[in-house]
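Written below as structure tokens is the structure these notes are about.
The values are calculated or read from the model by the stated rules, or taken from the named source; none is laboratory data. Everything numeric here is computed off the predicted structure, so don't read it as measured data. Counting neighbours? That spans all protein chains shown, and the Cβs are built from the backbone with ideal geometry, glycine included.
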Amino acid sequence: MTRLLPLTLTLAALAMAAPGCAGSIVHKKPENVQVNDAMTELWARDIRRVAKSGDWILTRSYSKTGDAIVGVTVGESFSHAVVYDAERGTVIEAINPVVREVPLESLLARNRYAVVVRPVGIGQAKREQTVARARRAIGAGFDYSGLVGLDDQDRFYCSELAAWASQIPDQPLIVTPADLFDRAEVIYLSGARDDQALQTAALASQQRASP
């Protein structure tokens, strides 16, 4: 059963789901550029060490879109979902206006936290199929009608793309990131970008990595 309430608000929110969408009114990104860069670098290193192709990365963005999705979706703490490609170090995501592929760091840099989850029962062959299937969708338009249960098979919204690429059986009419979370095992938790202890650890790690 879907967790979306009300659907019209979710649709309106995701209509603005572009990379440059205005900042969150709930959570503020740290102002220190070095801290933000260090956190992104730390998360990227960790994810590259433990994640595999075909894993999903669920995130909470610093955007009003993210605020709206979490605020109107019952039981939801994630605002976005992507498919990870470990071979290229990229993610494939459905975000207005089209499905696209971007570096892992591009995803992490715009989010407050990230969780890597692995679909239950997925093997090597299925992981490769998932990434290949997601990549075939690159360039497809954003599926606004799918957010209200009117699926357009040629378009995708974020969690719909992840579920479709992974060929998840018995999908709900509207797939949310929380639905994906319920069908997977947790591989990695980033912690929050504004956690001061984590910021200190990230800066120390960045200094150690500097030549």
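Filter segment 119-128 down to the residues that are modelled with pLDDT of 95 or more and in contact with a Gly (Cβ under 8 Å, 6 or more places away or on another chain) and list them by number.
Hits for segment 119-128 are PRO119, LYS126, ARG127, GLU128.
Which members of segment 157-181 meet the condition of being hydroxyl-bearing (Ser, Thr, Tyr) and either farther than 15 Å from PRO119 by Cβ or within 13 Å of the chain's Cα centre (by Cα) (or both)?
TYR157, SER159, THR176
Using the structure shown, decide if THR10 is more than 13 Å from the chain's Cα centre (by Cα) and modelled with pLDDT under 60.
Yes.
Which ones in segment 165-211 are among the basic types (Lys, Arg) and loosely packed, with under 15 Cβ neighbours inside 10 Å?
ARG208
Assess whether LEU147 counts as being at pLDDT 95 or above and within 20 Å of ILE95 (Cα to Cα).
Here the answer is no, as LEU147 does not meet what is asked.
Name the pairs: first residue in segment 43-56 and in contact (Cβ under 8 Å) with a residue 12 or more places away in the chain and part of a helix (DSSP H, G or I), second residue basic (Lys, Arg) and buried (at least 19 other Cβ atoms within 10 Å of the Cβ), Cβ to Cβ under 9 Å, at least 6 apart or on different chains?
Pairs that qualify, where the first residue is in contact (Cβ under 8 Å) with a residue 12 or more places away in the chain and part of a helix (DSSP H, G or I) and the partner is basic (Lys, Arg) and buried (at least 19 other Cβ atoms within 10 Å of the Cβ), are TRP43/ARG193.
Any residue at all in segment 56-73 that is surrounded by fewer than 22 Cβ atoms within 10 Å (Cβ to Cβ), within 29 Å of GLN129 (Cα to Cα) and either among the hydroxyl-bearing types (Ser, Thr, Tyr) or modelled with pLDDT under 90 (or both)?
No, segment 56-73 has no match at all.
Considering only segment 15-55, state which residues are over 20 Å from ASP195 (Cα atoms) and modelled with pLDDT of 85 or more.
ARG48, ARG49, VAL50, ALA51, LYS52, SER53, GLY54, ASP55
Could you list, in sequence order, the residues of segment 156-204 that are in a loop (DSSP other than H, G, I, E, B), over 21 Å from GLY123 (Cα atoms) and β-branched (Val, Ile, Thr)?
Listed by number, the residues that qualify are ILE174, VAL175, THR176.
Tell me yes or no: at least one residue of segment 144-155 is within 18 Å of the chain's Cα centre (by Cα) and not in a helix (DSSP H, G or I).
yes
Which is free of Cβ contacts under 8 Å to residues at least 12 places away in the same chain, outside any loop (DSSP other than H, G, I, E, B) and not acidic (Asp, Glu), of ALA125, ALA114?
Among ALA125, ALA114, only ALA125 is free of Cβ contacts under 8 Å to residues at least 12 places away in the same chain, outside any loop (DSSP other than H, G, I, E, B) and not acidic (Asp, Glu).
Tally the residues that are free of Cβ contacts under 8 Å to residues at least 60 places away in the same chain and acidic (Asp, Glu), restricting the search to segment 161-211.
3
Does VAL131 fit the bill of being of a type outside the set (Phe, Trp, Tyr), buried (at least 16 other Cβ atoms within 10 Å of the Cβ) and assigned to a helix (DSSP H, G or I)?
yes
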